[in-house]
Structure formats: C-alpha cells, structure tokens
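Everything below concerns the one structure shown next.
We did not get these values from a lab; they are worked out from the coordinates using the rules stated. Please read these numbers as outputs of a predicted model, since none were measured by experiment. Neighbour counts run over all protein chains shown; Cβ positions are idealised from the backbone, glycine included.
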Amino acid sequence: MSRPPGHDILFEPVRIGRFTAKNRFYQVPHCNGGGYRDPSAAAAMRAVKAEGGWGVIFTEQVEMHHTSEITPFIELRLWEEKDLPGLARMAAAMKTQGALAGIQLAYPAVNGPNLYTREVPMAVTGMPVRAFINDPVSARTMDREDIRDLRRWHVTAAERAARAGFDLICLYGAHGFGVLQHFFSRVTNHRDDEYGGSLENRGRFLRELVADIRDRLGDSAALTLRLSLEEMGGEGFSNAELRDFIEMHCDLPDLWDLAHGAWEDCSGPSRFAEEGAQEPLVAGIRALTPKPVVGVGRFTSPDAMARQVRTGVLDFIGCARPSIADPFLPLKVEEGRAEDIRECIGCNICISGDMTMSLSRCTQNPTFMEEWRKGWHPEIMNPKGPSERVLVVGAGPAGLEAARALGLRGYDVAMAEATRELGGRVARERLLPGLAAWGRVADYRVFQIGKLPNVEVYRESRLNAEEVLEFGFEHVCLATGSHWRRDGTARFHVRTIPLDPALPVLTPDDLMAGAPPPSGEVVIYDDDHYYMGGVLAELCAKAGARVTLVTPAPLISHWTVNTLEQGAIHRRLAALGVRLVTQRAVVAGRAGRVETECAVTEARAEMAADALLLVTAREPEDSLWRALKARRGDWAEAGIASIRVIGDAEAPAPIAWATYAGHRYARELDAADAGDKLPFRREIADLAADWEPRR
C-alpha cells in the first residue's frame, strides 16, 4: 500500500541548526505524569514514538535548577549530575529509529512555589506565585546578580543536556509558564531597568541567554524557542507584538516553536476547539523568519497536515495529544494507512494524569505509559494462549477494545450487542453538544474489527444466562455497561433523595435515548462533576429551557479542571444564560419546586423547577453477571473456564478506564495466575549510603 502523493511533502527532511529531521512529524514537549518518579516508563513511551516514525521527539518540561520547581506536579529534573543517567536513557530511546531527541528546559519562576526544595521563589517581578493551586507564597524580584546566575544555570543545564545525548534544546516560554515568557510579558515584567519596558528590553534576557549557550555549546546542539502566540486578555502581549518580536529576532533560535496562549488554549478540548484552530494566529509568521516554524492544532488528518506545509503556514506538524493517541501516526501515513490511525478525540484525559500527579491515560490508546510497566506495545499483541473461543457481551468501549485486541491475539471471538448500534455509551454521547469527536472511540474499533476474520459481531442479540451457558465458549467477557441512577445517590447523598412523583425527574439516559429536553424551569443537579452536567445544561438551554445548574462542588464541572476545560464550560453556560449555583445540593423535590442545601452550612432554600435532571452516579448494568454468578456451579459443565465482568459493568468510570479494561482483559487472557504479585513494574530510588539512625 502506498501513500497518496499529496502526503509526500510530510516526509521531506528539514534542517534544524546543523541537524536534519527525517520528516516533518514533530512530537512537541508534553507531560505524562511520570517525570522523575517513573523515568524508564517515560523513556519507553518515547521509544515507541521513535519506532512509530516521528522525526523529532521531545521530553516534557524539565526543571533545570533546584531554585524553581512546581511540586506537587511531577516533571523531569536536571538539577545535578545524578539526573543525567535517566535523561540519557530517554535520549537514547528517542534516537533508536533516527529521530532527533529534544529536551525542553524550564525555569518556572513565578509559576514555581518550591514546595519541595523550600527555596525562596524568584521572578522577573516579585508577586504572588501564579500556580494551579494558588499557593499562599510570593516570589521575590530578581536583581541583576540573580539574572546573571539564571543565565549561568541555563548554560549549565544546556551543557548537561548535550552530554546526555540531546540534539535539540528547547528554551521554554509558552503557556504562561517559564521565565522566558515572564520577561517578555507585561503581565509578569514590571521592571524599569534594561530588562523591562520596551519590547527590545523585554527580549534582552533571551538574546543574552542564547548567546551564552551558543558560546558554550557551539553547534553541538540546536536551540529551539517555544513561545505563546499571544496572551489572552488583560495586559498580556498580543499576536501582533509576538510577530514584531519574531521579526526583530528572526535568526535567534534554530527553530520557532509556537503555541497558543495559555495551556488551556493550546490544548483546547475538541468540545471547544477544532483541528487546526491555531492557524489564524500562526499564519504568516513563516514569512518573518528564515528559520523553520512548528505549530500545533490537534492534527489527526494527513490532508490537514500537508496543507499546513504546502500553504507555508508551518514547516513541522507539531503533535502532543495525537502522538499519544497513536504513536505510529507518521508510519501509518507513510505506508498509506491513514484509515488505521487512532485519532485523538480531544478529551484531554491524558492531561488529567499530569494534573492529578498520576500516570497519564489515553482514551484511544490504552497502552500509553504501560509500554515499560506492563510491556504493552500499541501495535503488537502478545501471542494467543491455549484457549480458542471467547464470547464478549456488549459492544461499548470496553467490549469493542476487548474484541479487537483478542482478535489480534488470534482468538475466535463472538461479540453480542443487545442493540443495533455498536459503541455503547459512546454511540449515545457522541450526539450531545460538542462530543461528536468522541465517536472516534467506536469508529476506530469497529473498523479494525471489520478487518478481522476471526471476530464475529452479532447485533440486536440480548443474551440471558441460559443462552450464555448453552453457547459453549471457554471464556466470557461481560462488558454490559452502566446506567445513570434516578434517585440522586452519588457523593453528597449516599442514600436516595426524597422526590415527589409529581415532579418530572430525568437522567442523562432519557435524553440520550431520544426524550425531548425538558422545558420551563429546569434544574440540573450535578454530583458527577465531569462533563455530563455541563453538556446537558447546554443542550437544555439551547432548546429554550430556563436552566439552573446546581452542584455541591465549588466549581461547575469541577473535575474538568484536570482536563483544562472548566473555565470554557463555565463561560459557555454563562453565555447561554444558565444560572450556576455552586456548593449547594438538591435534597428534595416536589411538584414545581426543589429544595437545596448549602454543602457547607446546611442552610436550606427552595427554587422553582418544572423538571429535575439528575446527573449523579451510574450503576453497573450487571444483571447478567449476577445471574451467571448465581449459576457458577454450571460453568464447568457448560465448558466455561472463566467469566469476567469489565469496564462500566464492573465499576463506572470515564471512557478511558473502559478501553483500558477491555485491553487489559485481552492481554491477560490465559495468563498464569500472578497471585499477589504486583501487576506492573516500578522503579524505587536508591537509599543514600551515608545515613544511619541516631543512637
């Protein structure tokens, strides 16, 4: 199979300093929740991308000096020589297939509370630390000696990075993070000396820094500069000022790496940002500099990528989230297999791993960050075990992934779905406002299953326990999903809310099944705290209802802070006229009214309600499992060696948990019982040799 000629431009080599990237696929820096805690897991993840054909592969941000760090968040560190072995392992992994290895050096400055090192934070201008958690500490203003030290620390870090084997060194000043942007921005630079005021002065530190690094390293490493395309609102710099800066310093770095605004803007979820959304901000910059330009835009379409290059918008196609969803994206494009790409759905569940200081997940790619820990490869399954036939009941995300992965292992698989449509919750949720891209979870798996002759799909095949026992499959995987509760039970209420039958009560399932959105005064009670409450508030408001969204959390859709969309959700609902009520819980309902309670003081109040929509908890759809478990004594006679329940049918969670559950089931089928053994590898720091307890 050959690729379309229109995609050839993506595989042209491009110079970056003295180095040549083999193609235009550029994995921009991205976090992964592993950092210094899981160095081998992070290195193996990058190695898989090298295998997948990326021309340039970068680390996440690497804290370059101990005087500025962002604990509790877990990023790589380059504080001393002891950090080099882990980074050298990563650089070597990146370069195994001819990719260029890049490292992003970061000095958080006013973004770094220094909770671990306990150093007093320094900033371009002293002010309260601007971090995710609003830490109640301030940074002091750097004096000229501090600035000289900062330049020296950067040079030392760059020299160490080069010795570790990195080809490209990125100086980080984007997304509101990093001291380079803090010098450039009037938001964080209030200085009245030679480093403040005019655009030329605000660029002085960067010019000095690049000169210092080039003096030390020569051309042994290429320098890239990552800057925001603009700062959103307030006193921040505009896109026009950024263009002026690039024109003034057109030859400064070996490559310009340009990213939209704050992290929330740059990694906008698909619900709020289309593919290539940053093009208006980056178009035309290429004409201002002789150096190559890379930009991002959640690119998943090779046609869209090729157009960016052909029209002179970009030299490199920058990808973070798409490289996570499919590390083999470049190779699939090169081989003319674009239809096999696992397209990023823009759900940002990957970012939640970094935000929660845990390992990142991917809804589309359940092997992400399990490459070393469990030995999972995104394109290669382990060999089939001794069993032959598996029945998968349910074609939602978990069932589809289990059937696909089992089929690749070589099992004969039958998948029975109770309805006509495959996809389970994804098939229903993709029809809600802003969630169309989420349908790719089902589309990819249905297409891949269609290519497997050993997987049979049976639609409109609702099974009971007797039928499952009669079929004679050796293994049965129950992926029957879940349903939303109708009684208000969730986190705030652990028991049923008293609700008068005279008050119409709905759940998300009702609306996704085709019921018209309620009219009049609609109260949505959200004790789920993820996306569904906000999505349904948008749906009802657009249908003409007067919507009040009530939540016991301090923010609307509170958990979406971890997916960088909470602010966008709030703004959209406010623009639609939705009344937003936080830190209150619905505690009772009757005809025309609901009663609420303050989540803190327990003070009661009433509000009008023609209908109540409960977005609270989900219950496993496990009636088949319970019926089969009750007949466990019949399994052996029926030829059944195992029955497992997975995904939402076991315990409801986000879609990424479901695809992971399906993949894990397929990987572990026929594996020997590990007993109490840890099911993954981990690394533990060596104990210091120079310590003993005080006598």
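Against the chain, whose longest principal axis comes from its Cα atoms, helix 655-668 is set at around 80 degrees. Would you please name the GluC sites (Glu not before Pro) within region 598-648 that are DSSP coil residues with at most 13 other C-beta atoms within 10 Å of their C-beta? Taking region 598-648 and a limit of 13 other Cβ atoms within 10 Å, the loop GluC sites (Glu not before Pro) found are Glu602, Glu637. Summing Cβ point charges (Lys, Arg +1; Asp, Glu -1) relative to the Cα centre of the chain gives a dipole of roughly 280 debye.
Here the Debye sum runs over all C-alpha atoms of region 484-619 as equal scatterers in vacuum, and log10 of I(q)/I(0) at q = 0.10, 0.12, 0.22 Å⁻¹ comes out as -0.27, -0.39, -1.47. The DSSP beta bridges internal to region 5-355 are antiparallel in roughly 10% of cases.
Calculate how steeply helix 144-163 sits against the longest principal axis of the alpha-carbon atoms of the chain, using the helix alpha-carbon long axis, and give the answer as 0 to 90 degrees to the nearest 10. Approximately 70 degrees, to the nearest 10. Full extension of the chain between Glu421 and Lys82 gives 116.6 nm of extra length, using 0.36 nm per residue less the Cα-Cα distance. Working ranking of peptides 673-683, 344-354, 107-117 by packing, defined as the average number of other Cβ atoms within 10 Å per residue, highest first, is 344-354, 107-117, 673-683. Taking the C-alpha atoms only, the angle from helix 566-575 to the longest principal axis of the chain is near 70 degrees.
Taking amide H positions as modeled 1.01 Å from N, with prolines and chain starts lacking one, the residues under 5 Å from Ala262 and 5 or more places away or on another chain are Met232. Beta-bridge orientation, the chain: approximately 20 percent antiparallel, per DSSP, counting only bridges with both partners inside.
Distance between the pseudo-spin-label points of Ala591 and Ala653 (7 Å out from Cα toward the beta carbon): 4.5 nm.
Placing unit charges on the Cβ atoms of the charged side chains and taking the dipole of the chain about its Cα centre, the candidate lying farthest along the positive direction among Phe25, Ala240, Val282 is Phe25.
Cβ-to-Cβ counts within 10 Å put Val535, Val457, Val294, Val600 in ascending order as Val600, Val457, Val535, Val294, the fewest first. Ordering Ala608, Ala93, Ser267 by the projection of their Cα atoms onto the charge dipole of the chain, which places +1 on the Cβ of Lys and Arg and -1 on the Cβ of Asp and Glu, puts Ala93 at the extreme positive end. Summing Lys and Arg as +1 and Asp and Glu as -1 over all other residues whose Cβ lies under 14 Å from the Cβ of Gly165 gives a net charge of +2. Less than 5 angstrom separates the built amide H of His175 from those of Ser228, all sequence-distant by 5 or more or on a different chain. Quick one: if the Förster radius is 41 Å, what FRET efficiency do Asp143 and Arg694 give, using the C-beta to C-beta distance and rounding to 0.05? So, using R0 = 41 Å, E works out to roughly 0.55. The count of lysine pairs in the chain whose Cα atoms are under 21 Å apart, excluding pairs fewer than 8 places apart on the same chain, comes to 12. Put in line by how crowded their Cβ is, counting other Cβ atoms within 10 Å and starting with the fewest, Arg46, Arg462, Arg644, Arg24 read Arg462, Arg644, Arg24, Arg46. Under 5 Å between amide hydrogens, built in the peptide plane, is the criterion, and for Leu100 it picks out Lys22, Val56, Ile57 among residues at least 5 positions away or on other chains. Computed from backbone phi with θ = phi - 60° and the Karplus coefficients 6.51, -1.76 and 1.60, the 3J(HN,Hα) list for region 187-199 is 5, 10, 10, 10, 6, 10, 9, 6, 9, x, x, 5, 4 Hz; x is used for glycine and proline. The residue among Leu506, Ala174, Tyr444 whose Cα reaches farthest toward the positive pole of the charge dipole of the chain, with charges on the beta-carbon of Lys, Arg, Asp and Glu, is Tyr444. Among residues other than Cys347 with Cβ under 15 Å from its Cβ, the summed charge is -1 (Lys and Arg +1, Asp and Glu -1). Using the rule -39500 (n - 2.57) for each DSSP H run of four or more residues, divided by the residues of the chain, the 222 nm mean residue ellipticity is -8000 deg cm²/dmol. Based on DSSP, what percent of beta bridges with both residues in region 484-619 are antiparallel, to the nearest 5? Taking every DSSP beta bridge with both residues in region 484-619, the antiparallel ones total about 45 percent. Placing +1 on the Cβ of every Lys and Arg and -1 on the Cβ of every Asp and Glu, with nothing else charged, gives region 5-355 a dipole about its Cα centre of roughly 560 debye.
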